[in-house]
1. Considering segment 202-213 alone, what residues qualify as being at pLDDT below 95 and either of a type in the set (A, V, I, L, M) or under 22 Å from LYS154 (Cβ atoms) (or both)?
2. Which of (1) modelled with pLDDT of 95 or more; (2) over 24 Å from the mean Cα position of the chain (by Cα); (3) part of a loop (DSSP other than H, G, I, E, B); (4) not aromatic (Phe, Trp, Tyr) does HIS199 not meet, given it meets every other one?
3. Taking segment 140-156, which residues are modelled with pLDDT under 95 and among the aliphatic types (A, V, I, L, M)?
4. Scan segment 74-92 and give yes if some residue there is under 23 Å from ASP23 (Cβ atoms) and crowded, with 16+ Cβ neighbours inside 10 Å, otherwise no.
5. Give the number of residues within segment 175-196 that are part of a helix (DSSP H, G or I) and either closer than 18 Å to PHE153 by Cα or hydrophobic (A, V, I, L, M, F, W, C) (or both).
6. Have a look at ALA72, ALA15, ALA57 and point out the one that is touching a residue at least 40 places away in the same chain (Cβ under 8 Å), under 17 Å from LYS94 (Cβ atoms) and in a helix (DSSP H, G or I).
7. With the structure loaded, tell me whether TYR38 is outside any loop (DSSP other than H, G, I, E, B), farther than 23 Å from GLN230 by Cα and either polar (S, T, N, Q) or in contact with a Leu (Cβ under 6 Å, 6 or more places away or on another chain) (or both) or whether it fails that test.
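The values are calculated or read from the model by the stated rules, or taken from the named source; none is laboratory data. None of the values given here were measured: they were computed from a predicted structure. Don't worry about glycine lacking a Cβ; one is built from the backbone with ideal geometry, like all the others, and counts go over all protein chains shown.
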Amino acid sequence: MINDYTAANSFLSAAERFKKVNDDSNLLEAAICYENAYKALQQTNRADKALEVLEKAAIIYESNIRQNVRAARTYEMLAEQHKKIINPNRDLEKAIANYRKAAHLYELEGDSRYIFSLKSQAELSVEIGHYEQAIALFDIITTFSENDSLLCFKVKDHVFWQCLCIMGLGDWVRLEKRLGEFVEQYPSFAESRECSFIHKLINAKHTFDASAFATCCKDYDQISKLTPVQTNILLQAKKELGIEDLR
């Protein structure tokens, strides 16, 4: 551990010296030193300090328009690290903010990886209950995916997430309306198990049929495993129907 601290401090000292020169070349060297310091600090118990120096690297890369992609990758790395933290310091808002920066920088470069940063933003937004934000993001992702030969098969999944987010808002009228629009817009969704599942849940809601709601969830989950976040949304939705368990 002493060696890791020593290495980190050496890289940090070098970074500060490079920054003082303050030209593009030396600033780039400073950012690289900050990244190396981050890697050394990861081997210690100073996760907070590691994230702090990695953010310094990202900011320097972002300040140089020629380093947009590198900056995007560094912001993604920051987001992933914030997402991985399991102690009380875990901050999903920071993770979302870093994914947002990464997406913006990728998009500036016309790099299609921006869509994956948007997807990460959307999924974390759902996790913390920012459903409107997630709906807007998934809508962008859906439109992009529909026109991409490699991603078009995921359209039904992105539409499904939008439906669940609307359900999370408790707006069943809006859900039914949007479902009809989704069916018209996206044939791959209209023919999917996901679409059928949402239809059945809406019918169960209309009739206050707790048994049907629970059966729909159980049947769907047996074939297409629901994520913990999706399950939580459904558990909240079922409360009005008095369902004890989804499975």
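1. ALA204, ALA210, ALA212
2. The single condition HIS199 does not satisfy is (3).
3. Scanning segment 140-156 gives LEU150, LEU151.
4. yes
5. Count: 14.
6. On inspection, the qualifying residue turns out to be ALA72.
7. yes
To keep it simple, each residue is scored yes or no on (1) of a type in the set (Gly, Ala, Ser); (2) more than 19 Å from SER120 (Cβ to Cβ).
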position: ASN147; (1), (2): no, yes
position: VAL159; (1), (2): no, no
position: GLY170; (1), (2): yes, yes
position: PHE182; (1), (2): no, yes
position: GLU194; (1), (2): no, yes
position: LYS205; (1), (2): no, yes
position: SER211; (1), (2): yes, yes
position: LEU226; (1), (2): no, yes
position: VAL229; (1), (2): no, no
